[in-house]
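Everything on this sheet refers to the single structure shown next.
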Amino acid sequence: MSSRETTGLSPDLTTYLHQRRQAVDAALEAFLPPAAPTATTSPTGLAAIHEAMRYAVLLGGKRMRPIITLAACEAAGGRTEQAMPAACALELVHAYSLVHDDLPAMDDDAERRGRPTVHVAFGEATAVLVGDALLTQAFEVLTAPRDVTADALVGCVRRLAHHAGTDGMVGGQGLDLAWGQGIDQLERLERVHALKTGGLYAAAGAMGALCSGASTAVVNQLERYGLAFGIAFQHADDVLDGDQIALREQALVRVDQLVDECMTIAGSLAGGEPLVAIAKWVQTRAHNAIDD
């Protein structure tokens with residue numbers, strides 16, 4: 001994370017996020033196709049797709065979606081190893097979405113996190129296939145054998161498919177393309193955020209709870225935590241990045257409301273302290289940014 005992104009992080013939360021990110025990175029490394037042996041020529045065919053998949057996923061990122069998945073599992077009384085495949089599956093879906101969003105037909109971005117985007121580095125056709133491959137592999141990873149009931153795994157598949165599709169992330173991208181960057185109503189902007197960003201965070205909360213064996217009520221609570229967190233997170237990013245200037249004050253009010261909701265939900269659960277701290281951090285970074 002950059003210095004702006006870490007503003008407001010307590011030492012305990014910094015350690016928690018660092019440890020969880022390392023664990024997620026190690027698990028993603030194991031789930032992805034192995035790196036090809038070093039060669040003097042650029043890989044082609046299947047080897048090129050595998051290399052581009054690793055490039056897309058291991059390029060960096062905060063890993064907040066998988067971390068929320070793990071934290072939700074812990075909050076509901078589970079163990080991180082129960083939720084790790086779900087956490088990684090979610091990150092694979094997120095990575096696929098970024099690969100496709102960067103394509104010329106979408107946002108036409110040439111750089112991400114300081115490096116060439118996948119279609120620039122490997123070509124557009126390979127980028128399309130990489131996105132397809134990551135989405136497909138996500139569901140293979142999600143159903144990896146572990147100490148989770150079959151019913152819980154089915155629930156995870158349904159939640160991820162729902163929140164990644166037109167009722168979630170894909171739908172949000174569709175609205176984003178249709179409405180563009182000139183949205184001047186907070187309600188309309190929040191609808192985009194709720195689908196495009198909130199969808200996968202809602203899946204994170206629900207899948208983490210499902211993997212712990214939690215009750216339907218707790219699963220629904222943590223799904224709601226994820227949705228509220230995702231919207232607040234995206235509003236905070238808008239403030240940090242100087243987007244939607246006319247809506248900044250309204251967005252900040254909504255961040256406070258959404259974070260209060262997150263803290264109420266997480267605070268009601270015996271293991272919810274990390275979720276409380278993560279929500280509070282989003283609120284702090286938004287307020288610090290608007291004061292700059």
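No lab work stands behind these numbers, since they all come straight from the coordinates. Keep in mind the model is a prediction, meaning the values are calculated, not measured. Methodologically, a virtual Cβ is constructed for each residue, glycine included, from the backbone with ideal geometry; neighbour enumeration extends over all protein chains shown.
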Original post:
Projected onto the charge dipole of the chain (+1 at Lys/Arg Cβ, -1 at Asp/Glu Cβ, origin at the Cα centre), which of MET84, ALA150, LEU247 gives the Cα projection farthest towards the positive end?
Top reply: ALA150
Original post:
If each residue's Cβ is checked for other Cβ atoms within 10 Å, how do PHE229, PHE122, PHE31, PHE139 rank with the fewest at the top?
Top reply: PHE139, PHE31, PHE122, PHE229
Original post:
Given +1 on the Cβ of Lys and Arg, -1 on the Cβ of Asp and Glu, and no further charges, what dipole in debye does the stretch 8-291 carry about its Cα centre, rounded to the nearest 20?
Top reply: 580
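Highest mean first, what order results for 80-90, 261-271 on Cβ atoms within 10 Å? Don't skip to the end; give the middle numbers.
Working: 80-90: 26.2, 261-271: 18.1.
Answer by packing, highest mean first, reads 80-90, 261-271.
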**OP:** Grab every C-alpha pair in the stretch 8-291, bin the distances at 10 angstrom width from 0 up to the longest one, and report whole percents.
**Re:** 7, 29, 36, 22, 6, 0
Original post:
Could you state the number of Å between the C-alpha centres of the stretch 230-292 and the stretch 13-66?
Top reply: 29
Subject >> ³J(HN,Hα) computed for each position of the stretch 267-279 - Karplus, 6.51 cos²θ - 1.76 cosθ + 1.60, integer Hz, glycine/proline x >> reply: x, 7, 10, 4, x, x, 4, x, 5, 4, 5, 5, 5
Original post:
So how do 177-185, 199-207, 46-54 stack up, highest first, on mean other-Cβ count within 10 Å?
Top reply: 199-207, 46-54, 177-185
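Please arrange ASP237, ASP132, ASP151 by how many other C-beta atoms lie within 10 Å of their C-beta, fewest to most.
Numbers: ASP237 17, ASP132 14, ASP151 10.
The order, fewest Cβ neighbours first, is ASP151, ASP132, ASP237.
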Original post:
What list of ³J(HN,Hα) couplings, whole Hz, do you get for the stretch 173-182 from phi and the Karplus terms 6.51, -1.76, 1.60, once you set θ to phi - 60° and write x for glycine and proline?
Top reply: 5, x, 5, 4, 5, 6, 9, x, 8, x
